[in-house]
């Protein structure tokens, strides 16, 4: 393993790579600190820039934006009570509570320390666990890969929407779109309608840009038309106590470590994400705290817990993506697309055939977290001023970047039309409460599921028994079935409780009591 680590260090130790890491972190911090923009949007916009880079360099850019953006969401959450990213929602109450007390600098520093420590712990776990998982996964055949793909799709669908039916519709739409192009076994075109641009299928980059960036820009434009100018925010004057002390950091160390491992564990499970990790960490910190009454009113421990939780996933989400070919969340789905675009086999063979790239990507996370620490220390007090940018002008600039980025993939206007189509579809899906994540991740995992399924049938002479005869395949398919059944049952209970008869009966029982 030491040989592979040295090989990975050789792949990233260059001036160019460190400059790229700094650029990625800064872009992530800026996007993360602007409410309405997202880490995902930042990564999608940076994705076209990686095509001319070495795979390790390109991934360093995207990972820098991932880590920087995840922390950056806490800046506006603490300063103006508005989370820059959804993952920073758990930081609101205590972060802004400290700001109202004139301790915003203390809150920002605690968020930074917790984020960096959690990121480093997550990277250590990734470095230790990923190669072990890859060694087991290298023995996988078509049946196992099909089961894994179905596991990823069903878990993501079940956790992405309160309405399972809409989640399933979104997921099946993504699977259908993934079948466009040449048949992977027979080599004949499907669903191309005579358009040669569709022969190679839906290009992942313009689809992602459209589904997430364009749809979000349309929401921003709609919001600008509906809302009046926001009132100016005036931060309270700083107090003499607005400095994080070593004693306060030590008092929160236990919380930071515990929340980091919670975030790392949650991040390693496909389909969960930073929001769940941050709230679980926050709730656990409050439960075990000696001062639970301070939570929600300006608790440093609360800030440390939520930020360690959501940053703990940054390395862990790469574990299923790099070892099994299943994205841990939608952001790693984009990164998975970047590796695929570079012609790399995402999955266990990545550690065998391209060990330098695999270990280079993992080790780059160490340097990215350190870079983020020093960048944030220097610039964090200025980032909140980005919120003062004219949003109409900023939206127009982002739209231009989206068009340029989509066109640059294949120098084709068809990709721009694909981007706009996915943008409109994504906007309408959000309006009607259809989750986007199942569709996009099914679009990513669909080709793997289809190819593995059909290869397994060829091997078994069209016998479906191969999927239950293989132990690993049977286990993952069983877990997938349990996941869907459990979600259906929970949905049934929720709908049953909402029925008027049930509510009246419960009210009468309560009244008698």
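How do 44-53, 111-120 rank on mean C-beta neighbours within 10 Å, highest first?
Working: 44-53: 20.2, 111-120: 26.5.
Descending packing order for the listed peptides: 111-120, 44-53.
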Relative packing of 10-16, 343-349, 207-213, which averages over residues the other C-beta atoms within 10 Å, highest first: 207-213, 343-349, 10-16
At a 10 Å Cβ-Cβ cut-off, how would you order 75, 326, fewest neighbours first? 326, 75
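Fully extended, how many nm does the chain gain between residue 349 and residue 464 (0.36 nm per residue separation, minus their Cα-Cα distance)?
Gain in length upon complete extension: 38.8 nm.
Give the relative contact order (percent, whole number) for the range 23-134; include only Cα pairs under 8 Å separated by 6+ residues.
On the way: 177 pairs, mean separation 27.3, N = 112.
24 percent.
Kindly state, to the nearest 0.05, the FRET efficiency for residue 196 paired with residue 172, given R0 = 30 Å and r defined as their beta-carbon distance.
On the way: r = 27 Å, r/R0 = 0.89.
The pair residue 196/residue 172 has a calculated efficiency of 0.65.
As an exercise, use a Förster radius of 30 Å and the Cβ-Cβ distance of residue 287 and residue 165 to find the FRET efficiency, rounded to the nearest 0.05.
On the way: r = 34 Å, r/R0 = 1.15.
It comes out at approximately 0.30.
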Take the alpha carbon atoms of the range 7-78, find their center, do the same for the range 434-449, and report the distance between the two centers in whole angstrom. 24
Would you list 336, 110 from fewest to most Cβ contacts within 10 Å? 336, 110
At q = 0.23 Å⁻¹, what is the base-10 log of I(q)/I(0) for the range 242-368 according to the Debye formula with one equal point scatterer per Cα and no solvent? Please give it to two decimals. -1.21
Likely footprinting exposure, 314, 57, 99, fewest C-beta neighbours within 10 Å first: 57, 99, 314
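At a 10 angstrom cut-off on C-beta neighbours, averaged per residue, how do the peptides 353-359, 450-456, 412-418, 244-250 rank from highest to lowest? Working shown, then result.
On the way: 353-359: 20.7, 450-456: 19.1, 412-418: 17.4, 244-250: 12.1.
For the peptides 353-359, 450-456, 412-418, 244-250, the packing ranking is 353-359, 450-456, 412-418, 244-250.
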Once R0 is set to 35 Å, what does the formula 1/(1 + (r/R0)^6) return for the Cβ-Cβ distance between residue 19 and residue 482, expressed as a FRET efficiency to the nearest 0.05? 0.15
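Read-outs: derived from the displayed coordinates by stated rules, not from any lab. Note that the coordinates shown come from a computational prediction; the quantities given were computed from them, not determined experimentally. No Cβ is skipped: glycine too gets one built from the backbone with ideal geometry, and neighbour counts run over all protein chains shown.
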